[in-house]
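Chemist: Questions regarding the structure given below will be posed in turn.
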Amino acid sequence: MTTTTVSIRRARVADAASLSAVFDDAWREAYQGVIPGVALERFLARRGPETWREMIGGGRGFAVITFGERIAGYATYGRARDRAMRADGEIDELYIAPEFQGLGLGTRLFRAVRNDLIDRGLTRIGVWALADNARACGFYEGLGGVAGAESVERISGFCLPKVGYLFT
């Protein structure tokens, strides 16, 4: 009998290539048909391993969830960057590789990151999702997020509507 361990830890510079792959796969799966193909490809091309190495040392919280020895997903977070949501803390990105979706890993990662933000005194937590990403919107609503603020995200020259979810 084998046991596979799921753990959550801080991202390390050595994770850069794996994070790049998770990001690429998750974005292709989540945004195919939501973000125009050319814009999606341009955006993905700018987020290679070097970008991830810089992000890991960039001062925002950066957690990974592992399944066995593989990085299954990640979240970046910290103080709210956009006051439109009226949040103290913000989860900037939370993505799970497609082959690990549906296993509850996103929920575990979200709760761990939320608890870390709360421990830092940031109790009103916001997260943005593209309005046309029904799965992400459903995920955040299922976790108790209340839709509120609306804005636009510019991705490779395209303006896409987004909605902010607030957790209190």
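The values are calculated or read from the model by the stated rules, or taken from the named source; none is laboratory data. The model shown is predicted, which means the values in this text are computed figures rather than measured ones. Glycine also receives a Cβ, built like all others from the backbone with ideal geometry; neighbour counts cover every protein chain displayed. Only protein heavy atoms, including side chains, enter the accessible area calculation; ligands, DNA and RNA are left aside. Shrake-Rupley method; radii C 1.70, N 1.55, O 1.52, S 1.80 Å.
Chemist: Return the distance in nm (one decimal) between the two label points of a simple spin-label model at residue 7 and residue 150, each offset 7 Å from Cα along Cα→Cβ.
Modeler: Going from the residue 7 label point to the residue 150 one covers 4.5 nm.
Chemist: A further question on this structure: By the gyration tensor of its Cα atoms, with a ≥ b ≥ c the square roots of the eigenvalues, what is the shape of segment 96-164: rounded for a/c under 1.5, prolate for a/b over b/c, or oblate?
Modeler: Oblate, because a/c is 1.5 or more while a/b does not exceed b/c.
Chemist: Semi-axes of the equivalent ellipsoid of segment 1-120: what are they in whole Å, largest first, if each equals the square root of 5 times a C-alpha gyration tensor eigenvalue?
Modeler: Working from the Cα gyration tensor, I get semi-axes of 21, 21, 15 Å.
Chemist: Another question about this same structure. What is the spread of the Cα atoms of segment 43-108 along each of their three principal axes, largest first, in whole Å?
Modeler: 36, 28, 21
Chemist: Still on this structure, I have one more. Quick one: check the C-alpha center-to-center distance for segment 67-129 versus segment 10-52, whole angstrom.
Modeler: 17
Chemist: Calculated from DSSP H runs of 4 or more alone, at -39500 (n - 2.57) each and per residue, what is the 222 nm mean residue ellipticity of the chain, nearest 500?
Modeler: After summing the helix terms and dividing by the residues of the chain, the value is -10500 deg cm²/dmol.
Chemist: Once neighbouring chains are kept in place and the probe is 1.4 Å, which whole percent of the accessible area of the chain is contributed by carbon and sulfur?
Modeler: Using a 1.4 Å probe with all protein chains present, the chain comes out at 50 percent carbon and sulfur.
Chemist: While we're here: Only sites in a loop by DSSP and with at most 11 other Cβ atoms within 10 Å count here; which trypsin sites (Lys or Arg not before Pro) in segment 21-65 make the cut?
Modeler: 46
Chemist: As a test question: what accessible area, to the nearest 10 Å², does residue 79 have when a 1.4 Å probe is rolled over all protein chains in place?
Modeler: Roll a 1.4 Å probe over it and residue 79 shows about 150 Å².
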